[in-house]
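The block underneath contains the structure these notes are about, expressed in C-alpha cells.
The values are calculated or read from the model by the stated rules, or taken from the named source; none is laboratory data. Being a predicted model, the structure only gives us computed values, none of them experimental. Note: ideal-geometry Cβ built from the backbone for every residue, glycine included; neighbour counts use all protein chains shown.
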Amino acid sequence: MFICAGNNETFPFAMPVGVGLIESTINLTRLALFDKPDFLIFIGTAGSYGKYQPFDIVESSIASNIELAFWENRAYTPIDNVIEAYKEEGVSRETMPIVNSSNYITTDKTSWKRFRHHRIELENMEFFSVLKISQEFTIPVHGIFVVTNYCDKEAHQTFLTNHHQAKKKLTEYVYEKYEALRK
C-alpha cells in the first residue's frame with residue numbers, strides 16, 4: 001500500500017495519512033488496527049541537509065526524530081531516536097541515508113554538519129512516525145522521497161517553488177519502478 005502525507009502532498013496512487021508526526025501516527029494506527037496492509041511504501045518530499053540536491057530521488061528505511069536542541073546539549077530523550085525498518089536484501093545499512101522527522105522545519109544551515117555527521121541527510125515531517133507504527137504492527141515499510149529544498153533560511157520559499165515539479169518527478173519515478181500502478 002502506498003501512503004503519503006496529504007493536504008497539498010497527495011498522489012493518485014497513495015492514501016493520505018496526515019501531515020506531521022501526530023496526524024500520521026493517529027491515522028496509521030487506525031489503518032493498522034482496522035485494515036492492516038501487508039507492506040507500506042511512504043512517498044513524499046524532503047528537505048536536504050546538503051548532500052542531495054533539489055529533485056533528487058532518495059530511498060530509505062531508516063528515520064530519526066532529533067530536534068536541534070539535542071545537538072546543542074539543551075535536551076535529551078529517554079526513547080530511541082533512530083529506528084529502522086525491515087532489513088532489505090542486498091542493501092547496505094551503512095550507506096542508506098537517515099531521514100529526520102520533526103514537526104518543525106530546519107532553517108539553520110549551520111546544523112547540517114551535525115546531522116550529516118550521523119548520516120542524517122534528509123528531513124521529512126512524517127517518516128519517523130510511519131516507521132514507528134510499522135514497527136509496532138510489524139508491517140514492512142520503505143520510503144521514497146524527492147528533494148524539494150535545502151534546509152536553510154529559504155526552505156519554505158524554495159519548497160513552494162519546487163513542490164509541483166518535484167511531485168511530478170516523484171510520480172513518474174514511482175510509476176516507472178512500479179509499472180502495475182499505471183493500470
Test set (1) touching a residue at least 60 places away in the same chain (Cβ under 8 Å); (2) over 25 Å from residue 8 (Cβ atoms) - residue 77 fails condition number: (1)
Filter pass, residue 67 being surrounded by fewer than 19 Cβ atoms within 10 Å (Cβ to Cβ) and modelled with pLDDT under 95: yes
Got at least one residue in the stretch 166-174 being of a type in the set (A, V, I, L, M, F, W, C) and either under 16 Å from residue 53 (Cα atoms) or modelled with pLDDT under 95 (or both)? yes
Which residues, taken from the stretch 121-132, are closer than 13 Å to residue 41 by Cα and either at pLDDT below 95 or of a type in the set (D, E, K, R) (or both)? 126
Counted residues in the stretch 160-183 being surrounded by fewer than 20 Cβ atoms within 10 Å (Cβ to Cβ) and closer than 17 Å to residue 123 by Cβ come to 3
With respect to residue 82, determine if the residue is surrounded by fewer than 21 Cβ atoms within 10 Å (Cβ to Cβ), within 14 Å of the chain's Cα centre (by Cα), farther than 21 Å from residue 38 by Cα and without any contact (Cβ under 8 Å) to a residue 60 or more places away in the chain. yes
Which one is farthest from residue 153 (Cα to Cα) among residues in the stretch 18-57 that are polar (S, T, N, Q) and not in a strand (DSSP E or B)? 29
Pairs, please: C-beta under 6 Å, at least 6 apart or cross-chain, first residue within 13 Å of residue 43 (Cα to Cα) and in the stretch 155-183, second of a type in the set (S, T, N, Q)? 166/45; 166/148
Note on the stretch 151-183: residues aromatic (Phe, Trp, Tyr) and touching a helix residue (DSSP H, G or I) at 6+ places or on another chain (Cβ under 7 Å) are 175
